[in-house]
Amino acid sequence: MSNLNLGDEIRKLKKERNAVIMTHYYVQDDVQDLADYIGDSFFLSRKATEIEADVIVLCGVRFMGESAKALNPGKVVLLPAEDADCPMAHMAMVEAIEEVREKYDDVAVVCYVNSTAELKAASDVCVTSANALKIVSRLPNKNIYFIPDQNLAHYIADQLPEKNFIFNDGYCHVHHSITKEEVLAAKKQHPNAEVLVHPECKPEVCALADYIGSTSGIINYVKDSDTEEFIIVTERGVLHELGLQTEGKKFYITGSPQTCPNMKKITVEKVYHALKNMEPKVEMSDELIVGAKKPMEKMLELAK
Ligand code: 13P
Ligand code: SF4
C-alpha cells in the first residue's frame, strides 16, 4: 500500500479503535505528519495524563511508551516499533542507587525521563530536559544523584552551585558524539547563524550555544527569534517541524549524523500494523506501573 492509502487506513482505524497518535520530533517526517499530538518528552508525558481516547499509539522509543502507560494504566498503549529502545535508558543501575542512598541520607534520586521503568521506580522524581532545572532547584535536598545522563546533569549542576551533584556516566550516543570541532566548523561556515544546542550534548558543545533547551524549547526559540539562520545541534528530526513552523529561515546541522537510529525505526507502515492488530502493546506489571508513576507524578506536580 502507498503511504497515501496507508494514511487513509490509519485515519479509519484510529476512529474504529478510538485511538490517538502521539509522536516525538525525532521520528521520521512522514510519521510526524500522522500525529494528533507532537512534542518534546515533557509535553508527551503531560499530555498522556489528559488523553480520553482508549488507545494511545506512541511513536517514540520504549521509555516514552512506558511513561504513557504508567501515567495512564487504563489505556492500551501501542508501540509501533517494539525494538525502538533508547540505549541511554539502561545506563544506570538500581544497585548503584541503593548504594548512593546508603551513603547519603539526604539524597534525592533524580531520574531523567529517558530511563527504564525499573530505574524510575527506584527514583524519587523524574525530570525532562525542559523542566530539570526548575524541578531540581525546587527540591529541598542538597545531595542530588542524577541518572542516567551525565551531560544533562552537568548542565543543571553548573546552574545550581548550592547543590552537591553525584554524577552517573550515562549518555545519549547521538548527542554525545557531536564534537566541539564540528560545531566550530559549522559556525565558521555560517557565521551569522545562532547555535541551538540540546543539553544532552557535552559541556564543551553546550559552551558554544546561544541557546540550550529541549526540542520544543529549540523550536520555540526559533519561532520567537528575528535571526534567520540557525545551527541545530540535536537530532535532525526537529528540522521537519522547524520547516513547518517557520518561513524563510535557514537551518544547518554539523558534520555529525545527528540521527537516532531507534527513533527512525518507527514507520508509517508499522503505525498501520499496530492499529490494525492492536499490538505491540506496552505491558507492565501493576507493581512496576505504581513504582514508575510516582516519580513521574511528582515531576508533573513540581513542574507546575
Ligand atoms: P526532549 O524532546 O525532551 O528534548 O528529549 C530529547 C530526547 O532525547 C528524547 O529522546
Ligand atoms: Fe535515546 Fe538519544 Fe535517541 Fe533520545 S536521541 S532516544 S536520548 S538515543
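Values quoted throughout were computed directly from the atomic coordinates according to the rules given, and no laboratory measurement underlies them. These figures come from a predicted structure and were not determined experimentally. Cβ coordinates were reconstructed from backbone atoms using ideal geometry, including for glycine residues, and neighbour counts include every protein chain displayed.
Computed quantities for the displayed model
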{"item": "Cut-off 19 Å, label 7 Å out along Cα→Cβ of Leu300, residues of segment 67-99 by amide N", "result": "67-78"}
{"item": "Extension gain, Ser285 back to Glu95 (0.36 nm per residue minus Cα-Cα distance, nm)", "result": "66.3 nm"}
{"item": "Order of Val20, Val77 under a 10 Å beta carbon neighbour criterion, fewest first", "result": "Val20, Val77"}
{"item": "Label point distance in nm, Lys249-Glu82, each placed 7 Å from Cα along Cα→Cβ", "result": "4.0"}
{"item": "Percent of Cα-Cα distances greater than 20 Å, calculated over segment 1-138", "result": "51"}
{"item": "Using alpha carbons only: equivalent-ellipsoid semi-axes of segment 121-225, gyration tensor based, whole Å", "result": "27, 15, 12"}
{"item": "Dipole-positive endmost among Val94, Ile219, Ala186 within the chain (Cβ charges, Cα centre)", "result": "Ile219"}
{"item": "Interchain or long-range residues, amide H under 5 Å from Asp149's placed H", "result": "Tyr112"}
{"item": "Inter-label distance for Tyr211 and Asp106, nm, one decimal - labels placed 7 Å from Cα along Cα-to-Cβ", "result": "3.7"}
{"item": "Sorted by Cβ density within 10 Å, fewest first, the residues Leu71, Leu133", "result": "Leu133, Leu71"}
{"item": "Cut-off 18 Å (backbone N to label point 7 Å along Cα→Cβ of Lys15), residues of segment 33-50", "result": "34-36"}
{"item": "Electrostatic dipole magnitude of segment 127-222 [Cβ: Lys, Arg +1; Asp, Glu -1; Cα centre; debye, to 20]", "result": "240"}
{"item": "Loop-located GluC sites (Glu not before Pro) in segment 267-304 whose Cβ has at most 12 other Cβ within 10 Å (DSSP)", "result": "Glu283"}
{"item": "Max mean-square fluctuation residue, GNM over the chain, Cα-Cα springs under 10 Å, options Thr246, Thr234, Thr128", "result": "Thr246"}
{"item": "Net lengthening on full extension, Met278/Phe167 (0.36 nm per residue, minus Cα-Cα)", "result": "36.0 nm"}
{"item": "Whole-number Å³ per residue for the convex hull built on Cα positions in the chain", "result": "128"}
{"item": "Gaussian network model of the chain, Cα within-10 Å springs - most flexible of Met284, Met263, Met64", "result": "Met284"}
{"item": "Dipole magnitude of the chain, debye to nearest 20 (Cβ charges: Lys/Arg +1, Asp/Glu -1, about Cα centre)", "result": "380"}
